Amino acid sequence: MTKDYILIIISVLLLALNFAATKAYQKDKGSGLAEGIKFNALLGEVTAVLFFAINGFGCKISPFSAVMAAAAAILTAAYTLFGFKIMENGSMALYMIFLMTGGMTVPYIWGLLFLDEPLSLLRTAGLIVIAVSIVISNKENGKSSTKLILMCTAIFILNGFTSVVSKEHQISASAVPAMDFLILNSAAKAIICTALYLFIRKGKTTGSKRTKSGITYILAAAAAGGGSYLLQLIGAENLPATVLYPMVTGGTIIFTAAAGRAFFGEKPGKRMIIGIIICFIGTCMFL
C-alpha cells in the first residue's frame, strides 16, 4: 500500500510537468481548434510508440479494453481542447483547479452510487469546501465570461468521467494490464484525432509548421503524461477512488501552480491563492 502512495506522488509531479509542456506548446503554436487537435494526435502517436517500445514491442488487446481506451481517449482529447482555450486567457492554476476537482468529485460520487464505496460525512463536507474554492478562484479577474465558465464546467465533467472510465477498466476482470491499456488509449487518441484533423483541414493547404520546440514539447508531454497516467492506473488497482483521486487532485493543483510560476512567470492573485489553499484543505478532508 505504501508503494502505491509513492507511485501516486510521483504521478502528480509528472502530471504537473505534462501540463507545463502542454501550455508551452499552446503558447508556441496558438490555441486554434486545428492546432489543438493536431497536438492531441501527435501526443497520442508519440506516447503510443514510446510505451509500446518500453513494453517490449508488444501489447495485449481485449474488446472491453479497446472500447474503454477509445472512450477515455475521446474524453481526454475533448478536455485538452478546452484547456488550450482556457490557458490562452487564464492561468494554469485556474485550468487545473477545475480539471482536477472534476477528476476527483465525479469518481467519488460514482464510487458511492455504483461501486459500494462508503459514504463519509467528512469527504462530503470536503466537496462543499472544494466548491467554495472554485467560486473564489473563478472570480480572480472580476466577473468571468459565460464562455469561460462553460469551458471550465466542461473540463470538470469530462475529466471526471475520464477518471471513472479508468477506474472501471482497472477493476474489471476483463482488463488488460495497465501498460497495455495506456498504449491502447494513446493509439485510440492518435487515430481519432488524426482523422478529425484531416477532416477539418480538408482542402486547406496552410497550417503551422513543425518546429524543434514544438516536437520537444510533445515529447516532454508524452513522457510525463504517459508516465503519470500509467502510475495512476497501477494505483487504481489497489487504492479506492475516494482516496486515489483526491490525492492526485490536491497534489496536482499545488505543483501545477508552482510550475506555472516557475516556467511562465504566472503569479496567482490573492483570490487564486486563497482558492488553491481552500481546495487543498478540501482535498485533505478526503484522506
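Any read-out appearing in this document is the output of simple, stated calculations on the displayed coordinates, not a laboratory observation. Every value quoted in this text rests on a predicted model; they were computed, and no experiment measured them. Note that each Cβ is placed from the backbone with ideal geometry, even for glycine, and that neighbours are counted across all protein chains shown.
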Rounded to the nearest 20 Debye, what is the dipole magnitude of the stretch 1-126 about its Cα centre when Lys and Arg each give +1 and Asp and Glu each give -1 at the C-beta? 180 debye
In units of 2.2 N^0.38 Å, the Cα radius of gyration of the chain is 0.96
Over the residues of the stretch 1-91, compute the C-alpha Rg and express it relative to 2.2 N^0.38 Å. 1.26
Relative contact order for the chain using alpha-carbon pairs under 8 Å, separation at least 6, rounded to a whole percent? 44 percent
Straight distance only, please: which aspartates and glutamates reach the Cα of Lys147 with their own Cα at less than 16 Å, same-chain residues fewer than 8 apart left out? Glu88
Starting from the Cα of Lys270, draw a straight line to each of the aspartates and glutamates and keep only those under 15 Å, dropping any in the same chain fewer than 8 residues away. Glu140
Nonlocal Lys pairs with alpha-carbon distance under 26 Å, the stretch 1-65 (8 or more apart, or different chains): 4
Helix runs (DSSP H) in the chain reaching 18 Å along axis by Cα, Kyte-Doolittle at least 1.6: 121-138, 178-200, 270-284
Tell me what the chain gives for mean residue ellipticity at 222 nm when only DSSP H runs of n ≥ 4 count, each as -39,500 (n - 2.57), the sum divided by the residue total, rounded to 500 deg cm²/dmol. -28000 deg cm²/dmol
Counting Lys and Arg as +1 and Asp and Glu as -1, what is the net charge of the other residues whose Cβ lies under 14 Å from the Cβ of Gly225? +1
